[in-house]
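Q: Submitted below is the structure of interest, expressed as structure tokens.
What follows draws every value from the coordinates through simple rules; no lab data is involved. Because the structure is predicted, anything quoted here is derived from the model rather than measured. With ideal geometry, Cβ positions are generated from the backbone for all residues, glycine too; neighbour counts draw on all protein chains shown.
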Amino acid sequence: MFLSVFEMFKVGVGPSSSHTMGPMVAAARFLDRLRASPFAAQGLRASLHGSLAFTGVGHATDRAVILGLAGFRPDSYDRAAADAALAEIRATHQVTPEGLGPLAFAPDTDLTFDYGPPLPGHANGLVLSATDAQGDVILQETYYSVGGGFVLTAGELAAGRDTDDGPPVPYPFKSAAEMLDMCKSTGKTVAQLKRANELSRRPAADLDSGTARLWQVMSDCIDRGLATDGTLPGGLGVRRRAPGIHRALIAERGMNLTAPHTINDWMSVYAMAVNEENAAGGQVVTAPTNGAAGVVPAVIRYWLDHVPGASHQKISEFLLTAAAIGGLVKYNASISGAEAGCQAEVGSASAMAAAGLAAVMGGTPEQVENAAEIALEHHLGMTCDPVRGLVQVPCIERNGLGAIKAVSAASLALRGDGTHLVPLDACIETMRQTGADMSEKYKETALGGLAVNVPNC
């Protein structure tokens, strides 16, 4: 099993990796298929199902599909160009993707929200169709956005193609137990195993520059979030809090009045800055999802700015370790809130961040695995119940608490020798089972929990 660090961490656009990035990627894939098709399409249609329908407006899924069918992609997304394109599409009822020419597409009628039962493959389903001049369907594909910006066709999902099918890698661990055995037999760290796997697919220079770019985008996102005041879009009237908290923390630094627990506020504000940017539709890095994008960068920034001996040279080690843990969670359970609740998003992110921090602070592979387990264990059962379907409440603060738990988990693991009762594999399997048992009301449908008990009109 191999899942690249650049698949686990992807540069994209908010507010949701599964509901915004995934549908945009699906639309891009459909256009590619249409370009290779012998059929001469005249128009396009799209239907959203399951969680994509129930919380699609709040997650900007409709906008993402429209722009995706116009040729926009998450990794090169330009907000100003997208706004201009969207206005033109609504006025002309046409999209003009490169290589296909004008295609009829009226957003109000050709994009539908199906509030019936979800499609059979996954809670996040969408069907894209191409039509001829008479409006008859000439090409159709069902896509599933399975979390973290990953997209599979119905055929790929049925065939189990949810992981890499390329050439073998030197250390193909599918479980934490296999990972630890490989570390023990080779003397390598988790990051070294992961790096060797990555180098079997790309040159070292590309790997190093790529991880450096990931951190740069994460760091820039934190900085934008700390500097940008205002109210988040969507109608809830949620005020950006990160800038004010950050200004207060800076002011308190020289007053000798800071309590020791204030360090938690620093971790939270870094995470909240990212998720406020995400909620505003800004550029973020999936870590492993957009809804949980603040945890890993917040822990890295905390480590760099507040922990003696931290070094930028170890950021790649942090990200590679975190990606290894995230890959295990995705392969053996889920990173999708629509599939398993927020335990699969913020819980996974916290486990990844805890493992990364333990690694760069000198932890053994056993301590790294222990850190990930502690963090994930104490997110088990966490629901995904966004108010009005927006990635704002409780998502923004939840990332801050996920970062705090990650640091605490890493610290506890480093206080021990790596020996512990609950293996990470057992915790991941428990998360999978808990997600399967969880009511659909609490899996990103906005039909239960805070989403129905908090006035939002």
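Q: For a Förster distance of 30 Å, can you work out the FRET efficiency between the beta-carbons of Asp78 and Ala212, rounded to the nearest 0.05?
A: Numbers: r = 22 Å, r/R0 = 0.75.
According to the calculation, E is roughly 0.85.
Q: About the Cα centre of the chain, what is the dipole size in debye to 20, counting +1 per Lys and Arg Cβ and -1 per Asp and Glu Cβ, all else neutral?
A: Working: 34 positive and 46 negative charges, 136 e Å.
Computed about the Cα centre, the dipole is about 660 debye.
Q: By how many nm would the segment from Ala40 to His306 grow when fully extended, if each residue of separation counts as 0.36 nm and the alpha-carbon distance is taken off? Intermediate results must be reported in sequence, preceding the final value.
A: Details: separation 266, 0.36 × 266 = 95.76 nm, distance 5.90 nm.
Taking Ala40 through His306 to full extension adds about 89.9 nm, to one decimal.
Q: Show me the three semi-axes of the equivalent ellipsoid for the stretch 176-453, from the C-alpha gyration tensor (sqrt of 5 times each eigenvalue), largest first, rounded to whole Å.
A: Here the semi-axes work out to 28, 23, 18 Å.
Q: List the residues whose amide H sits under 5 Å from the amide H of Gly149, counting only those 5 or more places along or on another chain, with H placed 1.01 Å from N in the peptide plane.
A: Ser18, Gly22
Q: By average Cβ neighbour count within 10 Å, what is the ranking of 190-203, 386-399 from highest down?
A: On the way: 190-203: 19.8, 386-399: 24.5.
Those peptides, ordered most packed to least, come out 386-399, 190-203.
Q: Based on the Kirkwood radius over alpha-carbon pairs, what is the Stokes-Einstein translational diffusion coefficient of the stretch 339-457 at 37 °C with 0.692 mPa s viscosity, in µm²/s?
A: 225 µm²/s
Q: Something else about it: Could you work out the helix-only [θ] at 222 nm for the chain, with each DSSP H run of four or more residues adding -39,500 (n - 2.57) and the total divided by the number of residues, to the nearest 500 deg cm²/dmol? Please report the intermediate quantities before stating the final value.
A: Values: 20 runs with 228 residues, N = 457.
After summing the helix terms and dividing by residue count, I get -15500 deg cm²/dmol.
Q: Shifting gears a bit: Can you check how the C-alpha radius of gyration of the stretch 135-262 compares to 2.2 N^0.38 Å, as a plain ratio? Don't skip to the answer; put the middle values down first.
A: On the way: Rg = 23.1 Å, N = 128, 2.2 N^0.38 = 13.9 Å.
For the stretch 135-262, the normalised Cα radius of gyration is 1.66.
Q: Right, next: Order of 269-281, 403-415 by packing, highest average Cβ count within 10 Å first? Each step should come with its number before you reach the end.
A: Working: 269-281: 28.6, 403-415: 23.2.
With the highest mean Cβ count within 10 Å placed first, the list reads 269-281, 403-415.
Q: Can you tell me the alpha carbon radius of gyration of the stretch 6-108 divided by the globular rule-of-thumb value 2.2 N^0.38 Å? Write down the numbers at each step before the final one.
A: Details: Rg = 13.2 Å, N = 103, 2.2 N^0.38 = 12.8 Å.
Ratio of Rg to 2.2 N^0.38 Å for the stretch 6-108: 1.03.
Q: Filter the trypsin sites (Lys or Arg not before Pro) in the stretch 241-317 down to the DSSP loop ones having no more than 15 other Cβ atoms within 10 Å, then list what survives. Mind dumping the intermediate values first?
A: On the way: sites: Arg241, Arg247, Arg253, Arg301, Lys314; in loops: Arg241, Arg253.
Of the trypsin sites (Lys or Arg not before Pro), the ones in loops of the stretch 241-317 whose Cβ has at most 15 other Cβ atoms within 10 Å are Arg253.
Q: In straight Cα distance, which lysines are under 24 Å from Lys184, not counting same-chain residues fewer than 8 positions off?
A: Within the straight-line cut-off, Lys184 pairs with Lys174, Lys194, Lys314, Lys330.
Q: So for the chain, averaging the separation of alpha carbon pairs under 8 Å that are six or more residues apart and normalising by length, what relative contact order in percent results?
A: Details: 935 pairs, mean separation 84.6, N = 457.
Worked out over the chain, it gives 19 percent.
Q: Short version: ³J(HN,Hα) in whole Hz for each residue of the stretch 221-232, in order, from phi by Karplus 6.51 cos²θ - 1.76 cosθ + 1.60 (θ = phi - 60°), x for Gly and Pro, what are they?
A: Along the stretch 221-232, the couplings run 5, 4, 4, 4, x, 6, 9, 10, 8, x, 10, 6 Hz.
Q: Given the alpha-carbon gyration tensor of the stretch 298-399, what are the semi-axes of its equivalent ellipsoid in whole angstrom, ordered largest first, with each equal to the square root of 5 times an eigenvalue? Provide the component values of the computation, followed by the final result.
A: Numbers: eigenvalues 129, 52, 21 Å².
Working from the Cα gyration tensor, I get semi-axes of 25, 16, 10 Å.
Q: Next question. With unit charges on the beta carbons (Lys and Arg positive, Asp and Glu negative) and the dipole taken about the Cα centre of the chain, which residue among Tyr171, Leu304, Thr211 sits farthest to the positive side?
A: Sorting the options by dipole projection puts first Leu304.
Q: Can you list residues from other chains, or at least 5 along the same chain, whose modelled amide H is less than 5 Å from the amide H of Leu139?
A: Long-range HN contacts for Leu139: Ala130.
Q: Another question about this same structure. Out of every Cα pair in the stretch 213-348, what percent are spaced more than 26 Å from each other? Show your work: numbers first, answer last.
A: Numbers: 2465 of 9180 pairs.
Cα-Cα pairs in the stretch 213-348 separated by more than 26 Å: 27 percent.
Q: Cα to Cα, under 17 Å, and not fewer than 8 places away if on the same chain: which aspartates and glutamates meet these conditions relative to Lys405?
A: Within the straight-line limit of under 17 Å, Lys405 reaches these aspartates and glutamates: Asp265, Glu345, Glu369, Glu373, Glu377, Glu397.
Q: Give the angle, between 0 and 90 degrees and rounded to the nearest 10, that separates the Cα long axis of helix 242-252 from the longest principal axis of the Cα atoms of the chain.
A: That works out to roughly 20 degrees.
Q: Given 0.36 nm per residue, what is the gain on full extension from Gln140 to Ala91 after removing their alpha carbon distance, in nm?
A: Values: separation 49, 0.36 × 49 = 17.64 nm, distance 2.56 nm.
Additional length available on full extension: 15.1 nm.
Q: Another question, then. Please sort by residue number the GluC sites (Glu not before Pro) in the stretch 93-166 whose DSSP state is loop and whose Cβ has at most 15 other Cβ atoms within 10 Å.
A: On the way: sites: Glu98, Glu141, Glu156; in loops: Glu98.
Sparse-neighbourhood loop GluC sites (Glu not before Pro): Glu98.
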